[in-house]
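The values are calculated or read from the model by the stated rules, or taken from the named source; none is laboratory data. Quick caveat, the model's predicted, so the values are computed rather than measured. Note that we place each Cβ from the backbone using ideal geometry, even for glycine, and neighbour counts take in every protein chain shown.
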Amino acid sequence: MSKNVGSFQENIRKTFIRFSIAPVAAIVMAVFVLFAIVWINFMEDSNKSDNAASCNEIKRIMNIYYEMMDDVSDILLPETNDNNSLEIIIDSADAAKVTLPVDEIFSALYNRTAPFGDIGNLIILSGDRKVLFSSKKNTPKFLIAEEYANWGVWKSIKTNEGKTATVLYGKNLCIGKGVYEGNTLKYAICYIVPNEVISGAIVVQDRFVILTDNSGWVYASNTKMMQDAYGQIDSSFYNKTGYVRQSGKLYYAFSNKTDKGLVLYTINDISRSIELIWVMVAIVIIIFIAIALITIRSTSKSSKEYTKDIKKIEDAFEEVQNGNFDVSLDIDSSTEFMVIGNDFNKMLQGLKDQIEQNKELAENAAFSQVKQLESQFNPHFLFNTLDNIRFMAKIDAAAADKMIVSLSGLLRYSIREVREEVTVKEDLDNLQYYLNILQIRFNKRFAYKLDVAEDIMECLIPKLLIQPLLENAVKYGFGTKEKLCVSIRGYQMQEMLVFICEDDGAGIEEKQLKEIRDNLKEDSNTTMHYGLYNIHRRIRLMYKGDYGLDISSVKDKGTIVRLTIPKHI
């Protein structure tokens, strides 16, 4: 399969961008999400806690008033008390008179309301709405007028027989209780709660607070925005806990009912907070874009700086590939590249020395030709190996490092072993470096099998004999195939060593196969393909006899290359 492969420098630049900008973006997003969650939880919890605190205070105050109502009802029964009584004329026409223990009533009133500063208006009426006692001069009309006899406070007193109940009527918070003698309502006790007492209990900063009865009629509030024209809380907030949108604004409302018939609403206007958050998001996005632009610009220079050694190595190997041996690598940026540079220089010096020596051995044409073939072969496979490293560097840095180490091993083997022949075991050990590179590069796409007999391990063969077979199989075997399997076998047959490299790859067209076979018969290479020809030519020059290379192939089935050399130790 063919694919567009970018330069190592470009890949490094993209990697810098990906691993610098992406984590920052992820962290910024995570911070904003965490901030939003914390802010929402804090806002909701503070709302609920303030609401609960105000509700508890209202409950405490109302309990005091309820206890006062019980105290007064206890004083009113029995009906008469000779001490400290007040004669009140109910009806001047019939001069009916009722006496109440005024001092005791005032005492109960003052004892309970003293902490609040205002004693409020305690009113005691007869069952037919006649005022018998009032702590203040004024008596509201809704307590004495005929039309209210079965409405408002009177309805609550008659409905809740003998029980204390809270009624909100005409912006007055009233507490009513009926005192019955049998089934007859003898007294009606009504206490009008001072507005400032309850209002003082619901002072909460930074949010709207509304106190209503169970029907939604507003008694106390620090805003008019959430009320309708009739004095009820807006229907959007009635009995609501959660997020409410009204008039284009977003609010968070929390409602809490008390056991005295009152409902306390605490409401946060979060529209401004959300607008502020969006402004912060916009500012951070602008800053992030600026950082991204700076990063993209700086990574171009950095990637060029960090990959200059790769470029040096690539240029050096291209020069050698083109036949120029007057190059050298001077690298001191990292240990790995320093090893490659030193080994390259040693290898190249070795090749140059061999060429010089071959020139001095003009009388031995065969030996000279072998050396020339080797000097042509070494840079060829080294260049291909470096190309593989470049390909892998963009995928996995650790794998690329392992490939560099393997390449270093190949270079050491190339320059260390000055002998023309090495043992089969030595050549196979060197082959393993190349297999490491192939295995990393192709991963599961490439598989190999080595089956070399143990009894030939100490036999001598030309140095770097087996590796070009494998290299050639990989280079031309893949074609359009997804996977490739290569098998290398070695065994002894009579007085010969036989090595077979077989792959299940793309195979070779018959016409091209014939050209390759014809070229193997020539004394000089007439094509641009060096691998198989060099192997065959070296064997023919080094060993007299019917030895060399034979190739067979079937298109889309695979290729078999067979080598024969004489056995000697």
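Looking only at residues of the range 455-485 that are part of a loop (DSSP other than H, G, I, E, B), farther than 18 Å from residue 432 by Cβ and among the hydrophobic types (A, V, I, L, M, F, W, C), we find that the one that is modelled with the lowest pLDDT is 478. Looking at 451, 429, just one residue is touching a strand residue (DSSP E or B) at 6+ places or on another chain (Cβ under 6 Å), at pLDDT 80 or above and acidic (Asp, Glu), and that residue is 451.
Regarding residue 17, is this residue surrounded by 13 or more Cβ atoms within 10 Å (Cβ to Cβ), under 30 Å from residue 284 (Cα atoms), of a type in the set (A, V, I, L, M) and modelled with pLDDT under 75? Against the criterion (surrounded by 13 or more Cβ atoms within 10 Å (Cβ to Cβ), under 30 Å from residue 284 (Cα atoms), of a type in the set (A, V, I, L, M) and modelled with pLDDT under 75), residue 17 qualifies. Take the residues in the range 381-401 that are crowded, with 17+ Cβ neighbours inside 10 Å and of a type in the set (D, E, K, R); name whichever of them is modelled with the highest pLDDT. That would be 390. Checking each residue in the range 452-475 for being of a type in the set (D, E, K, R) and more than 11 Å from residue 486 (Cα to Cα) picks out 454, 455, 458, 463, 475.
Would you check if residue 227 is more than 43 Å from the chain's Cα centre (by Cα) and surrounded by 13 or more Cβ atoms within 10 Å (Cβ to Cβ)? In short, yes.
One residue stands out among those in the range 522-541 that are modelled with pLDDT of 75 or more and aliphatic (A, V, I, L, M): the one that is surrounded by the fewest Cβ atoms within 10 Å (Cβ to Cβ), which is 541. Among the criteria (1) over 44 Å from the mean Cα position of the chain (by Cα); (2) more than 30 Å from residue 401 (Cβ to Cβ), the one residue 480 does not fulfil is (1).
Quick test for you: out of 535, 488, pick the one residue that is part of a strand (DSSP E or B), aliphatic (A, V, I, L, M) and within 19 Å of residue 428 (Cα to Cα).
When all the criteria are applied, what remains is 488.
Scanning the range 542-559 for residues that are more than 20 Å from residue 506 (Cβ to Cβ) and either surrounded by 14 or more Cβ atoms within 10 Å (Cβ to Cβ) or touching a helix residue (DSSP H, G or I) at 6+ places or on another chain (Cβ under 6 Å) (or both) yields a total of 4. Checked against (1) free of Cβ contacts under 8 Å to residues at least 40 places away in the same chain; (2) in a strand (DSSP E or B), residue 138 meets all criteria but (2).
Inside the range 136-169, residues that are of a type in the set (A, V, I, L, M) and under 15 Å from residue 193 (Cβ atoms) make up a count of 5. Determine, yes or no, whether residue 568 is buried (at least 19 other Cβ atoms within 10 Å of the Cβ), more than 56 Å from the chain's Cα centre (by Cα) and either in contact (Cβ under 8 Å) with a residue 60 or more places away in the chain or not in a loop (DSSP other than H, G, I, E, B) (or both). So residue 568 fails the test. Scanning the range 409-425 for residues that are at pLDDT 90 or above and either surrounded by 20 or more Cβ atoms within 10 Å (Cβ to Cβ) or outside any strand (DSSP E or B) (or both) yields a total of 2.
Do the conditions hold for residue 242, that is, is it within 19 Å of residue 48 (Cα to Cα) and exposed (fewer than 15 other Cβ atoms within 10 Å of the Cβ)?
yes
Scanning the range 483-517 for residues that are acidic (Asp, Glu), within 55 Å of the chain's Cα centre (by Cα) and surrounded by fewer than 19 Cβ atoms within 10 Å (Cβ to Cβ) returns 504, 509.
Quick one: is residue 569 at pLDDT below 90, among the β-branched types (Val, Ile, Thr) and on the phi < 0 side of the Ramachandran plot? Taking the combined requirement at face value, the residue satisfies it.
Residues that are polar (S, T, N, Q) and surrounded by 14 or more Cβ atoms within 10 Å (Cβ to Cβ) were ranked within the range 329-345; the one that is nearest to residue 401 (Cα to Cα) is 342. All conditions in (1) at pLDDT 75 or above; (2) in a helix (DSSP H, G or I); (3) out of contact with any Asp or Glu (no Cβ under 7 Å at 6 or more places or on another chain); (4) more than 30 Å from residue 32 (Cβ to Cβ) hold for residue 305, with the sole exception of (1).
Would you mind stating whether residue 371 is farther than 22 Å from residue 336 by Cα, modelled with pLDDT under 65, of a type outside the set (A, V, I, L, M) and crowded, with 18+ Cβ neighbours inside 10 Å? Taking the combined requirement at face value, the residue satisfies it.
Scanning the range 155-180 for residues that are over 60 Å from the mean Cα position of the chain (by Cα) and part of a strand (DSSP E or B) returns 176, 177, 178, 179, 180.
Selection of first residues in the range 26-41 that are in contact (Cβ under 8 Å) with a residue 12 or more places away in the chain and of second residues that are among the polar types (S, T, N, Q) and in a helix (DSSP H, G or I), restricted to Cβ pairs under 9 Å at least 6 apart or on distinct chains, gives the following pairs, ordered by first then second residue: 39/273.
So which residues in the range 104-135 are more than 15 Å from residue 193 (Cα to Cα), among the polar types (S, T, N, Q) and in contact (Cβ under 8 Å) with a residue 60 or more places away in the chain? Selection gives 126 alone.
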